[in-house]
Amino acid sequence: MTKPGIDTFRDLGCLVTGASSGIGREIALLLADEGARIVVTARREDRLEALAAELRARGAGEAHVVADDLADREATLRVVEAAERHLGHVDVLVNNAGFSVPGPFVRSSLERTEAMLDVNVVAATGLMRRLLPGMVKRGRGGVLNVASIAGFMAAPYQAGYAGTKAYLLNLTESAYQEVKHTGVALTALCPGVTDTEFFEAAGYQNLGKFLDQRMPAAKVARIGLAGFKRGKRTVVTGFSNKALVVLSGFLPRGFVGAMARWVMVGRRT
């Protein structure tokens with residue numbers, strides 16, 4: 001049996017979604033440091049072009065830009081075809097693209113929520129399903145899915161987002177059991193509050209001290225990639241987040257959800 005994991009990203013073809021900022025950008029930079037060949041994708045082409053130049057300067061074997069919107073259900077095929085055209089084949093997929101629709105679920109925009117499902121769930125699943133068989137056939141590489149500690153527990157005022165991350169976490173852990181003997185790595189990266197544009201983009205208000213303990217995106221990326229290389233099934237970043245996940249497994253789910261509601265009630269949009 002071949003143990004899952006990745007010795008080095010050098011010369012591997014890597015596709016990183018949601019790479020224009022935050023965790024996706026930092027992961028792409030770390031891959032470049034190891035000499036990976038990289039395709040970055042997101043909606044903002046100007047940011048991607050600037051990132052690609054930085055990736056080349058940091059040692060990437062190649063750096064290509066594919067600007068697209070994964071909320072479009074046909075985008076996954078376009079992105080895969082473009083990535084394979086640039087790289088030959090994709091050895092590593094980083095499913096980082098995603099966003100939240102905050103606020104009370106009963107008042108949330110259905111259109112916006114469906115777009116979130118298309119990006120967080122449908123696109124992530126489609127990319128993984130299209131690219132994982134080739135990785136298994138070649139016996140190398142893997143998929144790093146950026147989930148969240150929200151996937152482990154109730155998250156009032158971001159209910160749909162928590163649902164998407166629970167899906168991504170379970171998808172990763174389930175598929176991991178199916179392919180772990182092939183040497184292909186499947187990892188769910190589950191950060192807590194991270195210093196990215198996530199909360200501002202989602203429209204959260206009154207964050208105040210709530211973000212004081214946020215982890216830098218670069219640190220989340222380092223921890224995530226390190227666990228991915230070791231073939232870990234799940235990576236939770238930070239001691240307090242790990243403790244919260246463990247504690248939530250022992251406490252009644254209703255109590256955990258009520259506590260989460262108390263934390264978030266004043267910060268909804």
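Name every residue in the range 165-180 that is of a type outside the set (Gly, Ala, Ser) and open to solvent by less than 20 Å² (accessible area, probe 1.4 Å), in order of residue number.
Across the range 165-180, the qualifying residues are Lys165, Leu168, Leu169, Thr172, Val179.
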Scan of the range 175-196 for residues that are within 21 Å of Asp118 (Cβ to Cβ) and out of contact with any Gly (no Cβ under 7 Å at 6 or more places or on another chain), ordered by number: Ala175, Ala188
Qualifying residue in the range 102-115 (condition: within 25 Å of Val179 (Cβ to Cβ), touching a residue at least 12 places away in the same chain (Cβ under 8 Å) and not polar (S, T, N, Q)): no
Residues being of a type in the set (Lys, Arg) and assigned to a helix (DSSP H, G or I) - total across the range 31-49: 1
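Table: residues versus (1) within 13 Å of the chain's Cα centre (by Cα); (2) at pLDDT 95 or above; (3) hydroxyl-bearing (Ser, Thr, Tyr).
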| position | (1), (2), (3) |
| --- | --- |
| Val80 | no, yes, no |
| His86 | no, yes, no |
| Leu110 | no, yes, no |
| Val119 | yes, yes, no |
| Val143 | yes, yes, no |
| Phe152 | no, no, no |
Any hit, the range 27-40, residues being open to solvent by less than 40 Å² (accessible area, probe 1.4 Å), in contact with a helix residue (DSSP H, G or I) (Cβ under 8 Å, 6 or more places away or on another chain), over 16 Å from Val143 (Cα atoms) and not acidic (Asp, Glu): yes
Gly88 being touching a Lys or Arg at 6+ places or on another chain (Cβ under 9 Å), buried (at least 16 other Cβ atoms within 10 Å of the Cβ) and either small (Gly, Ala, Ser) or more than 25 Å from Ala221 (Cβ to Cβ) (or both): no
Among (1) open to solvent by 50 Å² or more (accessible area, probe 1.4 Å); (2) over 28 Å from Gly183 (Cβ atoms); (3) not basic (Lys, Arg) - the single one Glu81 does not satisfy: (2)
Near pairs, Cβ below 8 angstrom, 6+ apart or cross-chain, from the range 160-189 (closer than 29 Å to Pro102 by Cα) to any residue that is open to solvent by 40 Å² or more (accessible area, probe 1.4 Å) and basic (Lys, Arg): Thr172/Arg233; Glu173/Arg233; Leu186/Lys180; Leu186/Arg233; Thr187/Lys232; Thr187/Arg233; Ala188/Arg233
Matching residues, the range 101-136, being in a loop (DSSP other than H, G, I, E, B) and either touching a Phe, Trp or Tyr at 6+ places or on another chain (Cβ under 8 Å) or surrounded by fewer than 18 Cβ atoms within 10 Å (Cβ to Cβ) (or both): Val101, Pro102, Gly103, Pro104, Ser109
Subset of the range 4-26 that is of a type in the set (Val, Ile, Thr) and not in a helix (DSSP H, G or I) - its residue that is most open to solvent (accessible area, probe 1.4 Å): Thr8
From the options Ala155, Ala150, residue that is open to solvent by less than 30 Å² (accessible area, probe 1.4 Å) and assigned to a loop (DSSP other than H, G, I, E, B): Ala155
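Listed here are the residues, each with its yes/no results for (1) on the phi > 0 side of the Ramachandran plot; (2) aromatic (Phe, Trp, Tyr).
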position	(1), (2)
Asn120	no, no
Gly126	no, no
Gly141	yes, no
Tyr176	no, yes
Selection status of Gly98, closer than 27 Å to Ala154 by Cα, touching a residue at least 24 places away in the same chain (Cβ under 8 Å), open to solvent by 20 Å² or more (accessible area, probe 1.4 Å) and part of a loop (DSSP other than H, G, I, E, B): yes
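The values are calculated or read from the model by the stated rules, or taken from the named source; none is laboratory data. If you're wondering where the values come from, they're calculated on a predicted model, not measured in any experiment. A quick note on method: Cβ atoms are made from the backbone with ideal geometry, for glycine too, and the neighbour counts reach across all protein chains shown. The protein model used for the area step is the full one, side chains on, heavy atoms only, and it has no ligands, DNA or RNA in it. Shrake-Rupley method; radii C 1.70, N 1.55, O 1.52, S 1.80 Å.
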